[in-house]
Amino acid sequence: MFLIKIISRTLFIFLFFISTANAADSLQIENAWSPEAPPVAKVMAGYMKINNLSNKDIKILSAKSDLFKRVEIHLTEMSGGMMRMIKQENLKIKAKGHIELKPGGLHMMLMGKLKPVKAGSVIAVTLTLDNGKTINIKLKVKVDDAPQMMHHHHH
Ligand SMILES: [Cu+2]
């Protein structure tokens, strides 16, 4: 009995290290979501926190989704009282760093909606990284609770 306990504990620790080793050379996505848009809207936005757990800088080179013609990364900027969105050619997340895609800042722009997307559903997006890896993420489509979001913001 005692030996089995030791073996299973060792196995558990071993598996734990395998899973962290995998995560360590890639990006971890937290809280990925997209505000529900009116059915006629062709464009939607995506927000999330992206953690780089590795000790190398990682760039996101491109993104795609089957539900949209095109997926881009944009930066919202105020200039002269006008809000404009600037397409980012890539998105760098520094080693051990993180960035946040959020309303009014960096965001994912999902363009040319091909199918209806409702609150409660999920938008699958594939990111291509400069280290040759791809990661699949899922944006939860929710009714926009923007005023509340402000209060819940923490780092
Ligand atoms: Cu945009």
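The values are calculated or read from the model by the stated rules, or taken from the named source; none is laboratory data. Predicted, not measured: the structure shown is a model, and the values here were computed from it. We work out accessible area using only protein heavy atoms, side chains counted, and drop any ligands, DNA or RNA first. Shrake-Rupley method; radii C 1.70, N 1.55, O 1.52, S 1.80 Å.
Which ³J(HN,Hα) values in Hz, rounded to whole numbers, follow from the phi angles of region 91-100 under the Karplus curve 6.51 cos²θ - 1.76 cosθ + 1.60, where θ = phi - 60° and Gly and Pro get x?
10, 9, 10, 5, 3, 6, x, 8, 10, 10
Given a 1.4 angstrom probe, I'd like the percentage of the accessible area of region 43-125 that is carbon and sulfur, rounded to a whole number.
54
Which whole-Hz ³J(HN,Hα) couplings does region 122-135 yield from phi under the Karplus relation 6.51 cos²θ - 1.76 cosθ + 1.60, θ = phi - 60°, glycine and proline marked x?
Per residue, the Karplus-derived 3J(HN,Hα) values read 10, 9, 7, 10, 10, 9, 9, 9, 6, 8, x, 8, 10, 10 Hz.
Determine the per residue accessible area of region 61-103 with all protein chains present and a 1.4 angstrom probe, expressed in square angstrom.
Per-residue accessible area for region 61-103 comes out at 69 Å².
Report Rg/Rh for region 20-131, rounded to two decimals, where Rg is the Cα radius of gyration and Rh the Kirkwood radius. Write down the numbers at each step before the final one.
Details: Rg = 14.6 Å, Rh = 14.8 Å.
That ratio equals 0.98.
Work out, step by step, the length gained on full extension between Arg84 and Ile135: first 0.36 nm times the residue separation, then minus their alpha carbon distance; give nm to one decimal.
Fully extending the segment from Arg84 to Ile135 adds 15.5 nm.
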